Amino acid sequence: MIDYDILKGKKVAFYTLGCKLNFAETSTIGEMLFEHGAVAAKKGEQADICVVNTCTVTSTSDSKCRQIIHKIIKENPNAFVAVTGCYAQLQPQTIQDIQGVDLVVGAQKRNELLPLMCYMIANKDYSENLSMENISQDKSNDFFPSCSHGDRTRYFLKVQDGCNYFCTYCTIPIARGRSRNGSIESLVAQARKVAEEGGKEIVITGVNIGDFGRTTKESFFDLIKALDKVDGIERYRISSIEPNLLTDEIIEFCAKSEHFMPHFHIPLQSGCDEVLKLMHRHYDTSFFRQKIERIKEFMPQCFIGVDVMTGTRGETQEYFDKAYDFIESLPVSQLHVFTYSERPGTKALLIPHVVTPEEKHQRTQRLLELSERKIHDFYAQHIGTTAKVLMEHTSRRNRPMNGFTENYIRVEMPNHPELDNKIIEVKLGDFNAKGDALCVNLQ
């Protein structure tokens with residue numbers, strides 16, 4: 001029997017590394033703790049419980065996780081430290097060996113975090129080989145629902161977890177398990193709750209959201225049609241969707257919908273067919289170009305972000321140059337550039353031709369510069385036009401407010417606290433001093 005009352009009055013601090021999905025899951029863990037009487041530790045205050053949600057997408061991510069865990073233990077010497085997430089799934093012993101860590105729960109067993117934590121806090125003499133059989137009936141592949149708000153206007157709704165693709169460079173299927181999802185009924189209920197709280201924008205997130213429906217025999221298209229009918233939600237954004245799962249019917253639906261924004265984020269990874277084959281991706285460059293052109297046909301002003309990886313095994317200079325030329329030719333708005341990192345247990349380690357660190361750095365910089373040009377050109381096309389912007393608060397009075405247009409152009413204006421979480425129509429002016437947003441004036 002778990003004594004959840006042990007949490008009453010406990011001060012809790014949360015530390016999240018990695019993707020939007022991790023932030024959504026941390027938010028849900030926090031809600032669970034607060035429901036049982038825990039309170040958030042104030043800034044600078046030592047916590048009784050520290051929860052770290054980790055990432056393992058690169059070796060740099062692993063290093064950051066270890067650094068933050070050591071830092072947390074030093075700053076909170078008497079706290080119960082629980083570590084969860086993808087790095088905890090793949091390298092549990094490495095984390096457990098860090099002096100001061102009390103509990104390690106992998107990403108696939110996140111449902112067990114709360115009962116284990118309570119049991120261990122209540123039983124100081126717990127066994128290191130603690131079994132969950134008498135504590136929780138949760139299964140490792142259950143779907144862990146999450147919806148986060150954080151300190152911004154947007155909410156992040158997790159609709160799917162895990163992946164069945166097993167790309168050669170990726171450990172996510174190992175860390176998060178097979179593809180699974182919540183039901184449309186339960187996700188619509190979460191969206192309605194967001195609307196009741198006053199939320200106006202939801203970002204639909206997951207590991208491979210286009211694969212939604214394996215658990216419930218539904219489809220991602222069914223999901224977005226259902227969400228589109230939720231009263232009170234003004235905006236939806238699709239966080240990231242594989243090109244082969246972004247169907248024409250989804251594109252056409254979003255183009256006609258008043259609530260789904262003209263904004264897509266699509267993983268490309270490489271603009272070279274030979275490298276895509278080495279990665280075991282599910283499309284080629286011709287298919288990808290057709291998908292981008294299809295989006296632009298229905299939504300000419302659509303913002304399209306693209307994931308690209310540099311320096312993978314097998315990426316010769318010739319292949320990179322081919323990829324660069326292809327990406328440069330695409331009518332996309334921004335690149336999210338990742339430098340390849342060797343991950344233990346992946347099939348990529350069997351591929352010959354290793355790119356040197358210097359070459360990886362040079363290629364990453366070239367693509368980052370290309371991304372800067374693309375996003376600058378996209379923003380510049382909209383100077384002088386009017387747009388609807390959802391404004392976000394700022395914690396400092398002397399700082400300007402920020403917001404985003406429907407097609408994800410970041411705007412900046414003088415601080416008007418009364419406009420927080422309001423959708424207003426503005427005229428887009430020139431770039432701000434940093435060049436990362438357009439200045440606006442109220443109409």
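Just so you know, all these numbers are worked out from the coordinates, no wet-lab data involved. As the structure is a computational prediction, the values presented were derived from the model and not from experiment. A quick note on method: Cβ atoms are made from the backbone with ideal geometry, for glycine too, and the neighbour counts reach across all protein chains shown.
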(message) What value in Å³ per residue do you get for the convex hull of the alpha-carbon atoms in segment 4-122?
(response) 94
(message) Relative contact order for segment 386-442: what percent, with Cα pairs under 8 Å and sequence separation of 6 or more?
(response) 35
(message) Using only the alpha carbons of the chain, what is the convex hull's orientation-averaged projected area in square nanometres?
(response) 22.0
(request) Answer with one residue from His282, Val159, His361: the one whose Cα lies farthest towards the positive end of the charge dipole of segment 146-380, charges on Cβ with Lys, Arg +1 and Asp, Glu -1. (result) Val159
(message) Which of Lys42, Lys200 has the fewest other C-beta atoms within 10 Å, and how do the rest follow up to the most?
(response) Lys42, Lys200
(request) Show the residues, 5+ positions off or on another chain, whose built amide H is closer than 5 Å to the amide H of Met401. (result) Met413, Asn415, His416
(request) At 7 Å along the Cα-to-beta-carbon direction for both Glu297 and Asp97, put a label point, then send me their distance in nm to one decimal. (result) 5.5
(message) Distance between the C-alpha centers of segment 41-62 and segment 291-338? Whole Å please.
(response) 33
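Given contacts defined as C-alpha pairs under 8 Å and at least six residues apart, what's the relative contact order of segment 4-122, whole-number percent?
Details: 196 pairs, mean separation 29.9, N = 119.
Relative contact order here is 25 percent.
Fully extended, how many nm does the chain gain between Glu274 and Arg399 (0.36 nm per residue separation, minus their Cα-Cα distance)? Mind showing how you got there, number by number?
On the way: separation 125, 0.36 × 125 = 45.00 nm, distance 4.77 nm.
Additional length available on full extension: 40.2 nm.
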(request) Name the long-range amide H neighbours of Tyr155: under 5 Å, sequence gap of 5 or more, or other chain; modelled H, no Pro or chain starts. (result) Glu201, Ile202, Val203
(message) With a cut-off of 8 Å between alpha carbons and a minimum separation of six or more residues, what is the relative contact order of the chain in percent?
(response) 10
(request) Could you please rank Asp420, Asp5, Asp161, Asp62, placing first whichever residue has the fewest other Cβ atoms within 10 Å of its Cβ? (result) Asp5, Asp420, Asp62, Asp161
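Translational diffusion coefficient, Stokes-Einstein: compute it for segment 146-380 using the Kirkwood radius over C-alpha pairs as Rh, at 4 °C and 1.567 mPa s, and state it as an integer in µm² s⁻¹.
Details: Rh = 18.8 Å.
It diffuses with D of about 69 µm²/s by this estimate.
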(message) Please list, by residue number, every one of the GluC sites (Glu not before Pro) in segment 3-109 that is coil in DSSP and has at most 16 other beta-carbon atoms within 10 Å.
(response) Glu45
(request) Under a cut-off of 18 Å between alpha-carbon atoms, report the aspartates and glutamates in cross-link reach of Lys256, not counting same-chain residues fewer than 8 places apart. (result) Glu201, Asp222, Asp228, Asp231, Glu234, Asp248, Glu293, Glu297, Glu406
(request) For the chain, give the magnitude of the charge dipole about the Cα centre (Cβ charges: +1 Lys/Arg, -1 Asp/Glu; no others), in debye to the nearest 20. (result) 460
(request) For n ≥ 4 DSSP H runs only, could you compute -39500 (n - 2.57) per run for the chain, divide by its residues and tell me the 222 nm figure to the nearest 500? (result) -10000 deg cm²/dmol
(request) Report, in whole Å, the centroid distance computed from the Cα atoms of segment 340-401 and segment 186-214. (result) 25
